[in-house]
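Trainee: Take a look at the following structure, please.
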Amino acid sequence: MSAQDRRLPQGGEVDRSTPMRFRFDDRDYQGLAGDTLASALLANDVRLVGRSFKYHRPRGIFSAGPEEPNALVELRTGARIEPNTRATTIELYDGLEAASQHRWPSLRWDVGEVNNLVSDFLPAGFYYKTFMGWPGWMFWEHFIRKAAGMGRGTLDPDPDSYDKMNAHCDVLVIGGGPAGLSAALVAGRSGARVILVEETDGFGGRLRGERETIDDKPARHWVASTLAELDGMGDVTLLRRTTAFGRYDGNVVAALERRADHLAEPPEHISRQRLWTIRARRIVLAAGGIERHIAFADNDRPGVMLAGAARTYLNRFAVQVGKIATVFANNDDGYRTALDLAAGGVEINAIVDPREHGGTWRQKAETAGIDVFAGAVVSRAHGRLGLVGVDVRDASGKNRFLASDLLAVSGGWNPNVHLTCHLGAKPVWDNALATFLPGDTGPDMRVAGSARGLAGLGTCITDGYAQARAALDDLGYSKSALPDVPVTDEPQEEPVQALWQVPGKGMRFVDYQDDVKVSDIALANREGYQSVEHLKRYTTLGMGTDQGKTANVIGLAVLAEERGLPIDKVGTTTFRPPYTPVTFGAFVGRETGLHYQPLRRSAMHDWHVANGATFVNAGHWLRPQYYLRDGESDVKADIDRAITREVTETRGGGGIVDVSTLGKIDLQGPDTAELLNRLYINGWKTLAVGKARYGLMLREDGHVWDDGTTSRLGENHYFMTTTTANAGPVMSHIEYALQVLWPDLDVKAVSVTEHWAAMAIAGPKSREALAAVLDDVDVSNDALPFMGVVECTLAGIPARVFRISFSGELAYEINVAADCGEAAWEHVMRTGAPLGILPYGTEAMGIMRIEKGHVAGPELDGRTTPADLGLGRMVSSKKPFLGAPMLTREGLTDTDRPSLVGLVPVDGKSRPRAGAVLIADPKAVPPVDKLGHVTSSAYLSPNLDHPIALGLLEGGMAREGETVWAAFPLRDEMIEVRVTGPVFLDPDGERMHG
Amino acid sequence: MIIIDCPYCGPRDHAEFTYVGDAARTRPAEDASQATWFDYVYLRDNPRGPHLEYWQHSSGCRAMVKVLRDTSSHRVLACGLPADQLEAEQLEAGHLEAGQ
Ligand SMILES: [Zn+2]
């Protein structure tokens, strides 16, 4: 275990009494509570933390926040491993394990570094030019990914849980720095409901890394007292470790709260993260700023760091990131860094400032004995695995070498405009500040503090007050006195002087994460990729996981210089959600596995389970597919035996099937028959009470949509059934019809699908069984004829019995209230046992309906007309109905349209597959004319002893007796089939009418 | 994440609603020409700006709510029942300009 050589004996927010062990690339280290992984690594003088994506250049920690482009690590191990995690935002915990990425075999010796030597051959657009032609990318991607590396994920299930939260507030304050805290304070004091989200583990923002004072005391006292007041307010919610990552329509902000990422693993019963959906009446965005760098030769050497970050590591973490530092800055904030570092015991070589003239800050530095090289620039960094020095070029062009192990760079500050862009507002260039400011965010979002380009602590606090006050005025909160403006010690700042790049040979990086250099942007420009959007895609500028937080503005500025245009003429940078990467687990939340979608079980489900059912998903429903008996297992031979048994015994005796999944709609009102007349293609005015009728519905475009039976239970009371799949859509359709199309119709419609358990008893013995099952009901053919309906009781349970048939057998459907479903089913099974009634599943049901030539989902595919399905005679010519006007179109009345036929394999045993294409000539060379397709297939009809199928075939029944071929090229199948009528069994309906 | 003001239930998250379709269309008479029917069934305007549409409060009261939504900003300008004349009322009151 190595010592924390770079840690100062006192100062910072770290807790020296709580050491934390951690492991990085198989070496053990020690840090302190309060560290990030980055600060702990720096405390241990670990400078090399990764390799770059494309050239495999050695890279070090560059920032101290979420903008980090270099220090991406694989965090944790096993099922919790997480690639591309920013070391600068990982809170250190005891036992942390992390590994560097993009390197093989080791970080110090990496074979991919050869890319660095051949970098001239890997220019901008290299991937496009080399790999995008066929077979191009598909072939190369595997090798490129292996060499490039994106970190490793895991295929193991995520062991953690995630929650979702919804919240409403009057004022949402994003960012817990000086502006955000002061905005929250004003909003809270006014009595508004406030949520304040802060990305890090504590409040204060940049103040956590500063030595500034407020009211002559360290700034942390002001932070603490403000926080204490907010904490005491009832309607203020403070969310730490929470990143507002996206703004959406309706002033919704999505935020990710990391509840346990600072721990080795989440404590029991605590979710790892929570996804917050916050609906705010007003938003105050106080997201601060992000420092930018300057592109000069080899500016990516480990030891080159953003100046503000070097200051943060010193002040917040008590870590000296260098012994001898050079500061390179085009603005006065760099002087603050130099003075803080000097005060922290770091030797300052010089401040290299391209500006000729300085002000108060320069005087302060010179007073402190720090050399200032005015009008000079840093032109090159030296040291492959760690900085050893820099070349400084003075105004006259003379170079001098300054030995340094730290170069603190500041190219100015960019307001963190990310969330202002999400609804489409473009940032606006400000020439004086040399930066992009937030664009028009609309009245619902106000931007405060340095997020809108303001400088100075007092200014930002005052702005926080003002923006909150303005938001409260919008919402009508009464004016209350603003808090006092605190006294801050801020020397006057001189303006920044834009400097994006320093001319020179060598790699001058703009975007570290994507390895985009000044020369790449120049090349893209020469090759015509002049629009910002093209530039991004061609060079990959800003396309990494950091979304170019430190790179985009420099890239744009370099493009502007190349094109000789002002920046605002070149374009603007924009950002899309999420602000920082969000794990999929947070979006998924608890909706995993069986919770992914609702599961619907019929009232008889438990009986099916206890009696050997294998289930199949039908939408959200679980339906018994077939029932295995003792000694049978889920293997093909046993399954075939079970299905054959269910068909044979139902047709020979009797069977019962659970049909609870059918959609059921209760319709009442004097105009119900008129509504049915308009919804169905056939007539309903003549349906008598106590009778059912089969109906077919079309869409407005004339195609068949759904079918089912509707029964008339009373003078103004009807009961409709729909297919399982269309239960919901048909209900909505009726509601649309009644509310929008024909509000004059006096009908009430209610979905009762779940109210009723439904079972069908089918087979020659079904009447006998029914008589035994029902309580004293005459079920003779005269009393209960085909399509008759009777309300009665069954073992005392109120029931409705419908004599309808899907199987083609004599059959009855029994409906009872859902909570009586299982009792009724058991009663039927018990009573029917002596008659041999057995349960059958969807497979047997499917075979029987194909044998009977009944159309179902595969035939009602949204492209067929009633005539296509052999149901043309149902179409009423006496009344208007939905779909009628479009049904008469030329293309829908064409007699050559494919129509329903039966298909039988000529060899009596081959099984034509549903979806097979019907063609005339098996030897034809593609493209082959399609005559139709197989819609449904029963691999074996036990009653006919050979496979049968239904299909839609051009010419339809005119081809009866001809043979065509069922081709299924994916499986290399070609089966000759004979065209027959679609009704294979009992074409005269003697069974079901008997 | 728009909010729709259901005339029966009040303002509710759009996750409770199902988009039904264009509310600017009127179903033609049964004996209208085939061209008129074709237009009704297949052709839609795709305006940039205020658009009348139906959203069903499918996880609520099941009402078909008529919504005037600005397609460029996703701002909901007005909500009502199918019989309500949202667009005309809003234009008269000058709400459209204010909403944008
Ligand atoms: Zn409602």
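The values are calculated or read from the model by the stated rules, or taken from the named source; none is laboratory data. Remember, predicted model here, so these are calculated numbers, not experimental data. Using ideal geometry, Cβ is built from the backbone for each residue, glycine included, and neighbour counts are taken over all protein chains shown. Ligands, DNA and RNA are excluded from the accessible area calculation, which covers all protein heavy atoms including side chains. Shrake-Rupley method; radii C 1.70, N 1.55, O 1.52, S 1.80 Å.
Trainee: Relative to the first principal axis of the alpha-carbon coordinates of chain A, what is the inclination of helix A:136-148, with its axis defined by its Cα atoms, in degrees from 0 to 90 and to the nearest 10?
Mentor: 50
Trainee: Restricting to Cα atoms and excluding each atom paired with itself, what does the Kirkwood estimate give for the range A:763-861 in Å?
Mentor: On the way: mean 1/r = 0.0695 Å⁻¹.
Taking every pair of different Cα atoms in the range A:763-861, averaging 1/r and inverting gives 14.4 Å.
Trainee: Compute the Cα gyration tensor for the range B:3-92, then decide on rounded, prolate or oblate, letting a ≥ b ≥ c be the square roots of its eigenvalues: rounded whenever a/c is under 1.5, prolate when a/b is larger than b/c in the other cases, and oblate in all that remain.
Mentor: Verdict is prolate for the range B:3-92.
Trainee: Can you give the charge dipole size of the range A:647-740 about its Cα centre, rounded to the nearest 20 debye, using +1 on the beta carbon of Lys and Arg and -1 on the beta carbon of Asp and Glu?
Mentor: 280
Trainee: Report the FRET efficiency, 1/(1 + (r/R0)^6), for residue A:367 and residue A:79, where r is their Cβ-Cβ distance and R0 is 60 Å, rounded to 0.05. Intermediate values should be presented prior to the final figure.
Mentor: Details: r = 57 Å, r/R0 = 0.95.
Once rounded, the FRET efficiency stands at 0.55.
Trainee: At residue A:347 and residue A:263, where each label point lies 7 Å from the Cα along Cα→Cβ, what is the point-to-point distance in nanometres?
Mentor: Placing both labels 7 Å along Cα→Cβ, they lie 4.6 nm apart.
Trainee: Once you have the Cα-Cα distance between residue A:879 and residue A:894, take 0.36 nm times their residue separation minus that, and quote the gain in nm to one decimal.
Mentor: In short, 3.2 nm is gained.
Trainee: With +1 on each Lys and Arg Cβ and -1 on each Asp and Glu Cβ, and nothing else charged, work out how big the dipole of chain A is about its Cα centre, in Debye to the nearest 20.
Mentor: 1820
Trainee: Checking the a/c ratio against 1.5 first, then a/b against b/c, what shape does the Cα gyration tensor give for the range A:663-751? Don't skip to the answer; put the middle values down first.
Mentor: Numbers: a/c = 1.40, a/b = 1.17, b/c = 1.20.
Because its axes are fairly even, with a/c under 1.5, the range A:663-751 counts as rounded.
Trainee: Right, next: Multiplying the sequence separation of residue A:154 and residue A:440 by 0.36 nm and subtracting their Cα-Cα distance, what value in nm do you get?
Mentor: Between residue A:154 and residue A:440, full extension yields an extra 98.8 nm.
Trainee: Related question: Could you give me the ³J(HN,Hα) list for the range A:770-781, computed from phi with Karplus coefficients 6.51, -1.76, 1.60 and θ = phi - 60°, whole Hz, x at Gly and Pro?
Mentor: Rounded to whole hertz, the list is 4, 4, 6, 7, 7, 8, 6, 10, 7, 10, 4, 4.
Trainee: Moving on to the next point. Could you tally the net charge around residue A:341, taking each other residue with its Cβ under 9 Å from the Cβ of residue A:341, Lys/Arg +1 and Asp/Glu -1?
Mentor: Here the count lands on -1.
Trainee: Something else about it: At residue A:960 and residue A:618, where each label point lies 7 Å from the Cα along Cα→Cβ, what is the point-to-point distance in nanometres?
Mentor: 3.1
Trainee: Loop-only GluC sites (Glu not before Pro) in the range B:1-69, please: DSSP not H, G, I, E or B, and at most 16 other Cβ atoms within 10 Å.
Mentor: Qualifying residues, ordered by number: B:30.
Trainee: Right, something else. Report ³J(HN,Hα) in whole Hz for each residue of the range A:578-589, in order, from the Karplus equation J = 6.51 cos²θ - 1.76 cosθ + 1.60 where θ = phi - 60°; Gly and Pro get x.
Mentor: Once rounded to whole Hz, the list reads x, 4, 10, x, 10, 6, 4, x, 5, 6, 6, x.
Trainee: Another question, then. To the nearest 0.05, how large is the calculated FRET efficiency for residue A:384 and residue A:28 if R₀ is 30 Å and r is the Cβ-Cβ distance?
Mentor: The formula returns an efficiency of 0.70 here.
Trainee: So for the protein assembly as shown, what percent of the C-alpha to C-alpha distances run longer than 51 Å?
Mentor: Tail of P(r) above 51 Å: 43 percent of Cα pairs.
Trainee: Count charges around residue A:871 for me, please; just the other residues with Cβ under 12 Å from its Cβ, Lys/Arg as +1, Asp/Glu as -1.
Mentor: Summing Lys/Arg as +1 and Asp/Glu as -1 gives -2.
Trainee: Run the helix sum for the protein assembly as shown: -39,500 (n - 2.57) per DSSP H stretch of 4+ residues, divided by residue count, reported at 222 nm to the nearest 500 deg cm²/dmol.
Mentor: -6500 deg cm²/dmol
Trainee: Shifting gears a bit: Could you derive backbone 3J(HN,Hα) for the range A:870-879 from the dihedral phi with the Karplus parameters 6.51, -1.76 and 1.60 (θ = phi - 60°), listing whole Hz in sequence and x where the residue is Gly or Pro?
Mentor: Residue by residue, the range A:870-879 yields x, 10, x, 5, 6, 5, 7, 9, 9, 8 Hz.
Trainee: Pull up the cross-link candidates among the lysines for residue A:364, meaning alpha carbon to alpha carbon under 24 Å and not fewer than 8 places away within one chain.
Mentor: Cα-Cα hits under 24 Å: A:217, A:323.
Trainee: Lone cysteines in the protein assembly as shown, going by a 4.7 Å Cβ-Cβ cut-off?
Mentor: A:169, A:421, A:460, A:792, A:820, B:61, B:79
Trainee: Could I ask something else about it? Could you work out how far apart the two model spin labels at residue A:609 and residue A:925 are, taking each label as a point 7 Å from the Cα in the direction of the beta carbon, and quote it in nm?
Mentor: 6.0
Trainee: Would you work out if the range A:881-945 is rounded, prolate or oblate? Take a ≥ b ≥ c from the square roots of the eigenvalues of the alpha-carbon gyration tensor; rounded if a/c is under 1.5, else prolate when a/b is larger than b/c, oblate otherwise.
Mentor: In terms of gyration-tensor shape, oblate.
Trainee: Moving on to the next point. Over chain A, what is the relative contact order in whole percent, taking alpha-carbon pairs under 8 Å and six or more residues apart?
Mentor: Reported relative contact order: 9 percent.
Trainee: I would also like to ask the following. Work out the charge dipole of the range A:663-751 with +1 on the Cβ of Lys and Arg and -1 on the Cβ of Asp and Glu about the Cα centre, then indicate which of A:732, A:721, A:688 is farthest towards its positive end.
Mentor: A:688
Trainee: Residue A:361: accessible area at probe 1.4 Å, nearest 10 Å²?
Mentor: Roughly 10 Å² of residue A:361 is accessible to a 1.4 Å probe.
Trainee: Distance from a point 7 Å along Cα→Cβ of residue A:163 to each backbone N in the range A:229-244: keep the residues under 17 Å and list them by number.
Mentor: A:237-243
Trainee: Run the reach check for residue A:685 against lysines, Cα to Cα strictly under 16 Å, same-chain hits fewer than 8 apart removed. What comes back?
Mentor: Straight-distance partners of residue A:685: A:878, A:879.
Trainee: Using a Cα-Cα cut-off of under 20 Å, which lysines could be cross-linked to residue A:549, ignoring same-chain neighbours fewer than 8 residues away?
Mentor: Output for residue A:549: A:54, A:426, A:517, A:536.
Trainee: As an exercise, use a Förster radius of 51 Å and the Cβ-Cβ distance of residue A:629 and residue A:978 to find the FRET efficiency, rounded to the nearest 0.05.
Mentor: 0.90
Trainee: Around residue A:252, what is the net charge, scoring Lys/Arg as +1 and Asp/Glu as -1 over all other residues with Cβ under 11 Å from its Cβ?
Mentor: After counting each charged neighbour, the total is -1.
Trainee: Here's a follow-up. Stretch residue A:648-residue A:636 to full length: gain in nm at 0.36 nm per residue minus the Cα-Cα span?
Mentor: 2.5 nm
Trainee: With all protein chains present, calculate the accessible area of residue A:877 using a 1.4 Å probe and round the result to the nearest 10 Å².
Mentor: 120
Trainee: So for chain A, taking the charge dipole from beta-carbon charges (+1 Lys/Arg, -1 Asp/Glu), which of A:424, A:792, A:335 sits furthest toward the positive end?
Mentor: Farthest along the dipole direction, towards plus: A:335.
Trainee: If you don't mind, there's one more thing I want to ask. With a cut-off of at most 14 other beta carbons within 10 Å, and DSSP calling the residue loop, which GluC sites (Glu not before Pro) in the range A:731-781 qualify? Please list them.
Mentor: Qualifying residues, ordered by number: A:754.
Trainee: Then there is this: Within 10 Å of each Cβ in peptide A:737-745, how many partner chain Cβ atoms are there on average? Round it to a whole number, please.
Mentor: Mean shielding by partner chains, rounded to a whole number: 4.
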